[in-house]
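A.B. asks: Take a look at this one; I'll ask things after.
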Amino acid sequence: MEKIGRKLREQREALGLSIEDISAKTRLTVNHIKAIEEGDISYFKDDLSYLRFFLRSYCSVLDMDFEEIKEDLHSSIDDYTESFSVEMMRQHREIEKNVRKNADKAVKPTMHKKERTRRNRRTVDVSMLSFLVIVLLVIACLVYAVYMFAVRDDGEGTGTADNTIPPVTDVTDTPVLPPEVEKPDPEPPVEEKKPFAISAVNDTQYTLENLEDGDEIVIEIVFGSYSHFRFLLNDAVQSEPASKVYNYKETIHIKKTVQPGMKLSLGFGFMQGNTIRINGVDVQLSSAVATSQGAVTLDFHVKGE
């Protein structure tokens, strides 16, 4: 990047142009131009996907061929992105190490607490079982005592009770048939809904299948690198989520309700490393798209059952 900046500065000075002159012709700020000429790529960490457009505009004003510096620019962006990713991974591993260390310290006290809880539960269970056995024995004794008292009272009564069995009258028994019960009509079999699926038409066109009107579509995007992103619904740019540059490892969620003929478009300024999941299903990107370091737009068309 320093090589590119030096070449642009030398050409500008050779043409007798000031930084303010370049700013007026390219609409770039003075700070942007100074950062380019000093080779400070970190100044554009939030605008990496637009850096090549800045340089192309600068070259046009200086009558330079952008293709002469294009390869050096791509190398600079790759080196910066890779070094930033390595640093982020190192920090992530350090955080995981600290979390595991703290978790190990908290394991033993937690285990002791669970063991005490189990012992207390066993003590309560045994005490409750003993109490129930005693209650059942007392009830059984009371029932037996009442039964014996009733039997003795029948055998030692005054004898005044009439123990004569009344005559049985001849009655012709007529069987009573139960009323007929109407059988309910069998319910028609319920047709199972086909599971949601994503089908690829080509590298950038997909079909969302087995969705009904009113169903919800949930899109989850995890950025694998710094990238500008915008979301379009039926070819109209949406304000939510905002169209801007998203950071490495940043995650966004988009929720929409299914409508007939619906089309959702995801536009990325830098595609490599980004992952997409719709309704819990990963979008299988082709190798050409997954490794692309340029702008890519993916279209998803809703198709019902």
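A.B. asks: State the number of residues belonging to segment 223-238 that are loosely packed, with under 15 Cβ neighbours inside 10 Å and either within 16 Å of Arg277 (Cα to Cα) or among the aliphatic types (A, V, I, L, M) (or both).
C.D. replies: Qualifying residue count for the region: 3.
A.B. asks: Among the residues that make up segment 250-262, is at least one of them touching a Ser or Thr at 6+ places or on another chain (Cβ under 7 Å) and not assigned by TED's automatic domain parsing to the domain that holds Ile77?
C.D. replies: Among the residues of segment 250-262, not one is touching a Ser or Thr at 6+ places or on another chain (Cβ under 7 Å) and not assigned by TED's automatic domain parsing to the domain that holds Ile77, which makes the answer no.
A.B. asks: Between a residue in segment 11-23 that is without any contact (Cβ under 8 Å) to a residue 24 or more places away in the chain and any residue that is among the aromatic types (Phe, Trp, Tyr) and not in a helix (DSSP H, G or I), which pairs come within a Cβ distance under 8 Å, given they are 6 or more apart or on different chains?
C.D. replies: Hits for this filter: zero, empty list.
A.B. asks: Within segment 256-285, work out how many residues are under 26 Å from Glu82 (Cβ atoms) and in a loop (DSSP other than H, G, I, E, B).
C.D. replies: Count: 9.
A.B. asks: Among the residues of segment 13-31, count how many are part of a helix (DSSP H, G or I) and touching a Ser or Thr at 6+ places or on another chain (Cβ under 8 Å).
C.D. replies: So the count comes out to 3.
A.B. asks: If you don't mind, another one. Residues that are of a type outside the set (Lys, Arg): which strands (runs of 3 or more DSSP E) entirely in segment 190-255 hold 3 or more of them?
C.D. replies: 197-200, 205-209, 216-222, 227-233
A.B. asks: Additional query: For segment 199-219, indicate whether the set of residues that are surrounded by 12 or more Cβ atoms within 10 Å (Cβ to Cβ), in contact with a Gly (Cβ under 9 Å, 6 or more places away or on another chain) and closer than 30 Å to Phe44 by Cα is non-empty.
C.D. replies: no
A.B. asks: Check segment 196-211 and report whether any residue there is within 20 Å of the chain's Cα centre (by Cα), at pLDDT 70 or above, among the acidic types (Asp, Glu) and assigned by TED's automatic domain parsing to the domain that holds Phe270.
C.D. replies: Looking through segment 196-211, at least one residue is within 20 Å of the chain's Cα centre (by Cα), at pLDDT 70 or above, among the acidic types (Asp, Glu) and assigned by TED's automatic domain parsing to the domain that holds Phe270.
A.B. asks: Give segment 239-258 a look and list any residue that's surrounded by 14 or more Cβ atoms within 10 Å (Cβ to Cβ) and over 14 Å from His228 (Cα atoms), or say none.
C.D. replies: Hits for segment 239-258 are Ile254, Lys256, Val258.
A.B. asks: If you don't mind, another one. Could you look through segment 286-300, keep only residues that are part of a strand (DSSP E or B) and crowded, with 16+ Cβ neighbours inside 10 Å, and pick out the one that is farthest from the chain's Cα centre (by Cα)?
C.D. replies: Looking at the filtered set, the residue picked out is Val296.
A.B. asks: Now, a different point. Can you tell me which residue among Lys45, Lys70, Lys34 is under 17 Å from Glu20 (Cβ atoms) and either surrounded by 18 or more Cβ atoms within 10 Å (Cβ to Cβ) or not small (Gly, Ala, Ser) (or both)?
C.D. replies: Lys34 is the lone residue from the list that is under 17 Å from Glu20 (Cβ atoms) and either surrounded by 18 or more Cβ atoms within 10 Å (Cβ to Cβ) or not small (Gly, Ala, Ser) (or both).
The values are calculated or read from the model by the stated rules, or taken from the named source; none is laboratory data. Because the structure is predicted, anything quoted here is derived from the model rather than measured. We place every Cβ from the backbone using ideal geometry, glycine too, and count neighbours over all the protein chains shown.
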